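The values are calculated or read from the model by the stated rules, or taken from the named source; none is laboratory data. The model shown is predicted, which means the values in this text are computed figures rather than measured ones. Ideal geometry is used to build each Cβ from the backbone, glycine not excepted, and the neighbour counts take in all protein chains shown. Each accessible area value is taken on the protein alone, full model and side chains, heavy atoms only, with ligands, DNA and RNA left out. Shrake-Rupley method; radii C 1.70, N 1.55, O 1.52, S 1.80 Å.
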Amino acid sequence: MQPTALLDPVAITRLLETDANPLTVFRDALKQANKALKQRFEEGDPITALVPLRAQLIDNLLQLAWELKMPPDAAASLVAVGGYGRMELHPGSDVDLMILLDEHNPEQYSEPLGELLTFFWDIGLEVGHSVRTIKECISEAEQDITVATNIMEARLLCGQATLFDQMQAATGPDKIWPSERFFTAKWEEQKQRYLRYEETISNLEPNIKESPGGLRDIQMIGWVVKRHFGANTMHDLVVHGFVTEEEYLDLMDGQDYLWRIRFALHLLTGRGEDRILFDYQRTLAAQFGFEDDAQELGVEKFMQQYYRTALRLRRMNEMLLQLFQEVILLKCHLDEPKPINRRFQSRSGFLEVVHKEIFTQYPLALLELFLIMEQHPELNGVRASTIRLIRKHRHLINDDFRADIRARSLFMEILRQPVGITHELRRMNRYGILARYIPAFLNIVGRMQYDLFHVFTVDKHTLFVVRNLRRLTVPEHRGEFPLCSDIMEKLPKPELLYIAAIFHDIAKGRGGDHSELGAKEAWDFCKLHGLSDYDSRLVSWLVEKHLLMSITAQRKDTSDPDVIRDFAQTVKNPVHLDYLYLLTMADIRATDPKKWNSWKNSLLRELYITTKQALLRGLQNPQEREEIVQNKQAGALHMLKSEGINPDLALEHWATLSLDYFLHHTWEEIAWQTRMIISSTKEQLPLVLLRKSSTRGGTEIFLYGTDRDDLFAITTSQLDQLGLNIVSARIETAQTGLTLNSFLVLEQDGGPVEETGRREEICDLLRASLINPESANLVVSRRIPRRLKHFSTPTRIDFVQDYGNQRTIMKLVTDDRPGLLSEVGHAFAKCKIKLINAKIATIGAEAEDTFFITDRNDKPLSSREQFEALEKEIQERLS
């Protein structure tokens, strides 16, 4: 289909010869052309035709406008630059222009140029422009590589051709930015761009243009080829021997797919939006034909295809940049090869095969390469020519290859090296070797989970878990998690932990329980690789139970000896506990590193230490509640005596409290709260105190005053308005009618409250609200974050009776939102429910909170009417 089908310049010229308003003529023409372009896209026209077609449409409009507004003999040129210069325009792309002026009296065109640019905007074009003379082009290009790149892609639209030719000659590689400097600068530019996106393709909301593996990676290749060889098309990569025809087609296929997504994204948003936000992912998935099924959502399939495309393009970019480095920077003058073994050698700091038939003659070298990279940390990487051979010979890793005991030995040796394990597993994934060797791994490559909890694709997350484990072995990082580093140092076989990490999520997206399916995969892998039954059972158990410790720590009352006993019985022995603790810590930190905080660290550490003590004591000889309480009281009394507090006053106060109070607090917390209460007077109530909790992480807010039904609702609403995240609440009402409420809170960044002014703000607001609750603003007005709006979790409430502790456990799963805990608190007050303890867990956009409650008589809820009334009240408040 010819470009003129979008716009007829002759017809527009005829209209302009009449009395028609030029602004209306151009605006209508652009509107109709955009409508026709959208229709063609929806009808399935090739994207390779539509992108340059839009550029040609804009060419026609700009050329007509130039003729309309500029003097016919003007010593000026209208030049397309950037993506527009490459004839690549998407519906929302900026129209980047440069107006090139003659050096002599350039100001004479100020008025018509001003009218021209205003006209461009008035007809509906998003124009980015610069006005320069040739000297200014040279000067600005010399100082800024971005300007030099834009000018390099310049294309004359209309005006003086000689002026344009002079500019191109004056800014060519023989005048400014020779190809060596240009390549070095653009390579550094890419490195900085990668850092802005955390060097990963798998961000939840990737930028299709700027993210690693995005369109900018392809443009980078084109810029270098154009600067060094004067090439005008990507196919010149084949001509100059940088890629094969097959690789070129793969590169173009990836570009076409990203173009289609970008084109659709611009049409959907009505602007130049290049971020694939949650706001658009479901719509795009449906538009590209991806549907939900029993195993996964259509949006997850769509994003997996995007991530896999980006991964392919990043691999190609990496290979080509290394080839460019050899040709442009080293000028093909490579060092003499240094032998490593019969199959590999190093050359100019990079690993390469000794000849191109190595992988054909000895396929095991496809694994050996990564072992050698670990054993030779002085190597900078793998030569591009060898990367190409790896890509070409990946198919040799088949069932026979995997069954070869030499291959199995090589892979286990890779996992047993003292350094480089994470780097080489990531390299294996980038080169497509890991998924060939472990076929089940292919299922999780590029697999996203449509939620806010998992911020990486499953393969990226998996290798991040390995990285977190390996970091525990590095002396420089020992201070981050000293306990974990100590445990890691004493593990008899750390490679078992790495295998468990590789397999813990390997069955995601296959339907069923991914932990159970993954445990079976892990068992088969271990037996295939000659591990003993004991080691194989340990790895399989770790995969099956990899969520157990996290769930126990974050959702159960770990101050309850029965909870510890049940957990310890599942773990069975200290060795299992050591492995599970490290895997859990590494897993949570790799799910969303920004959400890891001192609170989660303290939860896991406390559960580990308490369980270790229970295991060493013996499961047949569990510690009773009374013994735990006596030990805590003894420790608290010792501290109080050392601070000059009369122990009789402490014992008198403690006599008004329940045993649960002592179970839920450490002896140090008990001592601090007791000291504050004994030291206070009735006139000072309510007490509102803050302190940094050294044992639990975060900041403890302690309230002591007269009890009232809506106290929890009032407190949580104020804390929410202050922007604090409540992660734990412990409520104790003494026989005196006074209540001891302890909240553990974090700032939005996951850290404790640090600034003095902030602490005073919190105390003042809480105290004023407790003294005069009727005048307090209890409406939480914080806006729901944009991302949360795209996820919906039906509210689910479950009740479990805990008769041993004379309480009911209420589990609430719902959308996370501002004011959630306050609404639950109001429901408790209305239904005459007492809250004893609460564990608050936010999993992405989902709140999974656990409340330990009783009726007014300190008994578990018993009647059906109580359960139904409470559930109805909460459902209505949260609907």
Please name all residue pairs, on different chains or six or more residues apart, with Cβ atoms under 6 Å, provided the first residue is in the range 568-595 and is of a type in the set (D, E, K, R) and the second residue is open to solvent by less than 20 Å² (accessible area, probe 1.4 Å) and assigned to a helix (DSSP H, G or I). D578/I487; D587/V465; R589/N468
Within the bounds of the range 357-364, is there any residue that is in a loop (DSSP other than H, G, I, E, B) and touching a strand residue (DSSP E or B) at 6+ places or on another chain (Cβ under 8 Å)? no
Suppose we filter A501, A568, A519 for residues that are under 30 Å from I853 (Cβ atoms), open to solvent by less than 60 Å² (accessible area, probe 1.4 Å) and either in contact with a Leu (Cβ under 8 Å, 6 or more places away or on another chain) or in a helix (DSSP H, G or I) (or both); which single one remains? A568
Which condition number does E774 fail, the rest of (1) modelled with pLDDT under 90; (2) in contact with a Gly (Cβ under 6 Å, 6 or more places away or on another chain) being met? (2)
If we scan the range 324-331, do we find a residue that is open to solvent by less than 50 Å² (accessible area, probe 1.4 Å) and over 26 Å from D217 (Cα atoms)? no
Pick from the range 372-418, criterion over 32 Å from the mean Cα position of the chain (by Cα) and among the basic types (K, R), ranking: surrounded by the fewest Cβ atoms within 10 Å (Cβ to Cβ): R406
Among the numbered conditions (1) over 17 Å from L690 (Cβ atoms); (2) open to solvent by less than 30 Å² (accessible area, probe 1.4 Å); (3) modelled with pLDDT of 90 or more; (4) part of a loop (DSSP other than H, G, I, E, B), tell me where T739 comes up short. (4)
Members of the range 837-864 that are more than 30 Å from the chain's Cα centre (by Cα), open to solvent by 10 Å² or more (accessible area, probe 1.4 Å) and over 13 Å from F799 (Cα atoms): D855, R856, N857, D858, K859
Check whether at least one residue in the range 194-214 is open to solvent by less than 10 Å² (accessible area, probe 1.4 Å), part of a helix (DSSP H, G or I) and not polar (S, T, N, Q), and report yes or no. no
Among the residues of the range 329-345, write down those that are out of contact with any helix residue (DSSP H, G or I) (no Cβ under 8 Å at 6 or more places or on another chain) and closer than 23 Å to T184 by Cβ. L330, K331, H333, D335
Inside the range 126-152, can you point out the residues that are touching an Asp or Glu at 6+ places or on another chain (Cβ under 9 Å) and either farther than 29 Å from K175 by Cα or not in a helix (DSSP H, G or I) (or both)? E126, V127, G128, H129, S130, R132, T133
Matching residues, the range 767-788, being in a loop (DSSP other than H, G, I, E, B), open to solvent by 80 Å² or more (accessible area, probe 1.4 Å) and not charged (D, E, K, R): N777, V779, S781
For residues that are of a type outside the set (A, V, I, L, M) and surrounded by 18 or more Cβ atoms within 10 Å (Cβ to Cβ), scanning just the range 588-597, find the one that is nearest to D749 (Cα to Cα). N597
Top-ranked residue of the range 298-314 - restricted to ones that are more than 17 Å from the chain's Cα centre (by Cα) and open to solvent by less than 20 Å² (accessible area, probe 1.4 Å), ranked as farthest from Y450 (Cα to Cα): L313
Take the range 29-60 and flag every residue that is exposed (fewer than 15 other Cβ atoms within 10 Å of the Cβ) and over 40 Å from the mean Cα position of the chain (by Cα). Q32
Before we move on, is R605 at pLDDT below 95 and among the basic types (K, R)? no
Here the qualifying pairs (Cβ atoms under 8 Å; residues six or more apart or on different chains; first in the range 255-283 and within 18 Å of E43 (Cβ to Cβ) and open to solvent by 20 Å² or more (accessible area, probe 1.4 Å); second among the basic types (K, R) and in a helix (DSSP H, G or I)) come out as L267/K38
Of those in the range 614-642 that are among the small types (G, A, S) and farther than 18 Å from H665 by Cα, the residue nearest to the chain's Cα centre (by Cα) is A614
Among the residues of the range 432-486, how many are surrounded by fewer than 18 Cβ atoms within 10 Å (Cβ to Cβ), aromatic (F, W, Y) and closer than 18 Å to D578 by Cβ? 0
